[in-house]
Amino acid sequence: MIDTERRKKLALFLRHLSVGLTTNDEFEEAVTESITYGWLPEEYHRSKQVKNDDPIIQPIVELCWGLYDDTRQHKLRKSDNLMKEGLKIIARSILFLHSDNEYEWPYFDTNNPLLRFSLNDLILSILTLGHHYRKKMKAHSISYYQWQQLGEIEVWPFFRRIDYLNQLSLQPFLIPSETHPNRS
């Protein structure tokens, strides 16, 4: 399912955040109001809507949450500026959000497993002097490597390079909206 309206909003919010036009707090407020049904980006995975949502929304929201420090208000400028590789991923993400492509990657939680540890996991990690945690991290790394092999990871969130190149060839930001086939 493709939710074109929310995709376009998320693309705009992401663009404004990534180039330093809005603060992280303004971004979170906009996403919370318009994209994640009232859930903060880091909590959206818990919502009941996520199960029936456009599958690209959750990974992009989680990607966005990792772009900034949510313990203080700031713009992504100067020392908080995104690195070149990060900007490439953001640009591809915005391009994908403006496409009619289905998101084909299976969901993968890229967060450190420690963030989702239960009390039992924490106790086991302490009792085993960190062995339990290291075992979880190794399993997570193996799973991540296997996930990356499913498609062409260098063009994520596109699944295949040809899909990325096709969308890129449309130059959606240079064509007037009334003549663009994918825009209303």
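Overview of results
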quantity	calculated
Within-13-Å neighbourhood charge of residue 79 [Cβ basis; K, R +1; D, E -1]	+2
Sequence of 5, 85, 26 once ranked by neighbouring C-beta atoms within 10 Å, starting from the fewest	85, 5, 26
Debye, to nearest 20: dipole size of the chain, +1 on Lys, Arg Cβ, -1 on Asp, Glu Cβ	520 debye
The chain: calculated mean residue ellipticity at 222 nm from DSSP helix runs of at least 4, using -39500 (n - 2.57)	-14500 deg cm²/dmol
Lysine-lysine proximity count for the chain, Cα under 24 Å, sequence distance 8 or more or distinct chains	13
Neighbourhood charge, 15 Å Cβ-Cβ cut-off, centred on residue 125 and excluding it, Lys, Arg +1 and Asp, Glu -1	+4
The chain - Kirkwood radius from inverse mean 1/r over Cα pairs (Å)	18.0 Å
Globularity index of the range 106-150, i.e. its alpha-carbon radius of gyration over 2.2 N^0.38 Å	1.25
Unit charges at the beta carbon, dipole of the range 37-78: most positive-side option, 57, 41, 76	76
Computed FRET value (nearest 0.05) for residue 168 with residue 118, which takes r as the C-beta separation and R₀ as 41 Å	0.45
Extended-chain gain in nm, criterion 0.36 nm per residue less alpha-carbon gap, residue 40 and residue 102	19.9 nm
Paramagnetic label zone (point 7 Å from Cα along Cα-to-C-beta, residue 2; backbone N under 18 Å) in the range 124-161	156-161
Using a Förster distance of 30 Å, the FRET efficiency for residue 70-residue 149 (Cβ separation, nearest 0.05)	0.40
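Bear in mind that the values in this text are calculations on the coordinates, not laboratory data. What you see is a predicted model, and the numbers here were worked out from it, not measured in a lab. Cβ sites come from the backbone with ideal geometry, for glycine too, and all protein chains shown count toward neighbours.
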